[in-house]
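A short worksheet on the structure shown next.
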Amino acid sequence: DLRALSAKEMSKLDFSVHPIGGIVPIMEQQKYKDLAKIMLACKSNLAPNRPVHMFGCGHPMLFPMLIAMGADLFDSAAYVLFARDGRLLTPWGTEKIADIEEWPILMPSITHFSPSDVRKMNKEERTILLSKYNLEVTLQEMSRCRQAVRDGTIWRLAERRSHEHPALREAFLWLTTNPSKMKMQPLILDEISASKETGKEKGRWEENWDWLVNSQLTPRGGGESWGGNDTLNRPHIDMAKRKILSRWLSRKSGDVILFHGTSAPWRDKIGDLVERICWLDYELFIQTPIGIVPWGLEDLNPWAHIEGPSWLWNSKPDFNKVQNELEQYGIHNRKVIPVDISDTEDLHKRVFELLEIEPTERNPDDKKRSQIVDKLCVLCNVKQSEAISMCKDATFVMSRTGRIRNMFDSEGEHLFSPRLAEGGISLTVNGARKLHQLRKEKIPQEFSSGKLINHVGKGPAWIVVDDDAAPFVKDGRNVMHGFVIACDEWTRPGETVLVVNSSGELLAIGRSQSTPEEFATFTKGIAVKVREGCP
């Protein structure tokens, strides 16, 4: 509490860098769970535009987790202090020069020496050589972390490093595990149940975790490597789930058909079948390793891009878990009909027999409209009734692989183009104008952040820019930090936004790169990557 209060008060002062100190004794005692709490309490309350300096943290094993939580600078003499004691720093812990015959990592400084040669040196020579070695290992891990940040994989790197030390694993699991639903600690513990907060700590850190989740960019490109149960708690996956669970709404009242048994792309395996049943009163879902997903979002990252062993897709549905997930989607007390699509031979016949109905004709346009409606609701925060109205009597241009490339409304205007790489959706100028006209909220006047669930159906977030920057943005230039004067509360990184001037006039379409807190404080860098200006 004191650190959180200090962070809030220090953010009001004009500092360039914020150091987090008092952590050396904690690290020496390997209390990494306390270190994670300190980092989360401080970083979530500090001004986001200022670098955070980890005072005295120099062990490369800790870099990935702390950088994933927002650390920027590290300062330590650990590379020398460990060398004096004959200890080698590695990304997985510490090795003693007295105990090894081979180098754990080859570095330039020790290319011409064996551990035995180093042991024969006098202490001063040995300390200098091992200091260089430790510094090289430290710089290598720092470089690895920087690249992971650029690639968007820093959290996966933190996952892997968490398995290198029991105390680090405890800290990481505490960070990613939800509070216990019970008041008391369970009698039988495993690593997950032991990490769940109980008692006075229960739920205390959820607001801090929300800060971390809200800063995630989603949807993102690339595959999602399976890393066991840790995969389910990656912040960007948490963010993707929050969007879909808060914004997607069921349009059917009948039973739920749950397809399972194979990996994406599902449209290649059951696309024709879906065209024959999508217009019936059944809600269609697909089982994936990270949860069930509506058919209309079957190509959306991360659900469609999980990379893992084949057994992930062979597991049968856990109906208790499925019912819990359906309730999160707002679907209650409906029968779940599982359909195994691992073998597609006579699949159509089997499904119609299972449903006890006569075979129906294909209705491809209904499937296409359903997909666009779901994407508009989830990714652009469009009200479902308005999305349905815009897609009524729509026509489509398809790719050679049978995916939607462009959607034209009943008047022949090109409104939307699904992004084939990660399953997102882009607005054309005409589409942006349509959504701009549907706006019922007032023009934002400040920077404040709210929960997604409180702003469902209010349309794409508006980013208000300074009138001096308006002509450049209208020409298609990116919006830079320092020229944003207000934004909607539901603005999130990676989402499609409408850029407007102080009068609410539409200037451009783009993708936000920041949260409201970052818009309020950043003065440099790209705030919105503009896709197209709206002349």
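The values are calculated or read from the model by the stated rules, or taken from the named source; none is laboratory data. The model shown is predicted, which means the values in this text are computed figures rather than measured ones. When we count neighbours, we look across all protein chains shown, and the Cβ atoms used for this are built from the backbone with ideal geometry, even at glycine.
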- Restricted to the range 70-112, and to residues that are closer than 24 Å to residue 38 by Cβ, aliphatic (A, V, I, L, M) and part of a loop (DSSP other than H, G, I, E, B), which residue is farthest from the chain's Cα centre (by Cα)? 77
- Query: Where in the range 1-69 are there helices (runs of 4 or more DSSP H), lying wholly inside it, with at least 1 residues that are buried (at least 22 other Cβ atoms within 10 Å of the Cβ)?
  - Reply: 32-43, 63-68
- Item | Hits in the range 429-453 - residues which are surrounded by 14 or more Cβ atoms within 10 Å (Cβ to Cβ) and assigned to a helix (DSSP H, G or I) | 429, 430, 431, 432, 433, 434, 435, 436, 452
- Message: It is to be established whether one or more residues within the range 339-362 are in contact (Cβ under 8 Å) with a residue 60 or more places away in the chain and closer than 20 Å to residue 404 by Cβ.
- Response: yes
- Note on the structure: Selection from the range 260-289 of residues farther than 21 Å from residue 345 by Cα and touching a residue at least 60 places away in the same chain (Cβ under 8 Å) yields 279, 280, 282, 289
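When you go through 73, 89, 2 one by one, which is the residue that is of a type outside the set (Val, Ile, Thr) and within 26 Å of residue 230 (Cβ to Cβ)?
Going through 73, 89, 2 in turn, the sole match is 89.
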- Note on the structure: Of the residues in the range 371-414, those that are polar (S, T, N, Q) and modelled with pLDDT under 95 number 3
- Message: Of the residues 177, 218, only one is within 28 Å of residue 301 (Cα to Cα), crowded, with 19+ Cβ neighbours inside 10 Å and modelled with pLDDT under 95; which?
- Response: 218
- State whether the residues of the range 149-162 include one that is at pLDDT 95 or above, buried (at least 18 other Cβ atoms within 10 Å of the Cβ), within 30 Å of residue 80 (Cα to Cα) and more than 18 Å from the chain's Cα centre (by Cα). yes
- Item | helices (runs of 4 or more DSSP H) contained entirely in the range 249-338, each with at least 1 residues that are aromatic (Phe, Trp, Tyr) and in the same structural domain as residue 362 (by TED's automatic domain parsing) | 311-314, 319-328
- Message: Condition (residue is among the charged types (D, E, K, R) and not in a helix (DSSP H, G or I)) applied to the range 144-155: is it met by at least one residue?
- Response: no
- Message: Given (1) touching a helix residue (DSSP H, G or I) at 6+ places or on another chain (Cβ under 6 Å); (2) without any contact (Cβ under 8 Å) to a residue 24 or more places away in the chain; (3) in a strand (DSSP E or B), identify the lone condition not met by residue 387.
- Response: (3)
- Could you list, in sequence order, all residues of the range 390-414 that are small (Gly, Ala, Ser) and either assigned to a helix (DSSP H, G or I) or surrounded by 14 or more Cβ atoms within 10 Å (Cβ to Cβ) (or both)? 394
- Taking only pairs six or more apart or across chains, which ones have beta-carbon atoms under 8 Å, a first residue in the range 453-474 that is closer than 18 Å to residue 442 by Cα, and a second residue that is hydroxyl-bearing (Ser, Thr, Tyr) and surrounded by 16 or more Cβ atoms within 10 Å (Cβ to Cβ)? 456/246; 460/496; 461/491; 461/512; 463/491; 463/512
- Task: Working only within the range 189-208, note down all residues that are buried (at least 19 other Cβ atoms within 10 Å of the Cβ) and in a helix (DSSP H, G or I).
- Result: 195, 208
- Query: Has the range 88-110 got at least one residue that is under 29 Å from residue 211 (Cα atoms), of a type in the set (D, E, K, R) and touching a residue at least 12 places away in the same chain (Cβ under 8 Å)?
  - Reply: no
- Message: Tell me yes or no: at least one residue of the range 288-304 is surrounded by fewer than 22 Cβ atoms within 10 Å (Cβ to Cβ) and more than 20 Å from the chain's Cα centre (by Cα).
- Response: no
- Message: Scan the range 106-113 and tell me whether some residue there is in contact with a Cys (Cβ under 9 Å, 6 or more places away or on another chain) and farther than 27 Å from residue 150 by Cβ.
- Response: no
- Note on the structure: For the range 415-428 the number of residues that are surrounded by fewer than 18 Cβ atoms within 10 Å (Cβ to Cβ) and hydrophobic (A, V, I, L, M, F, W, C) is 2
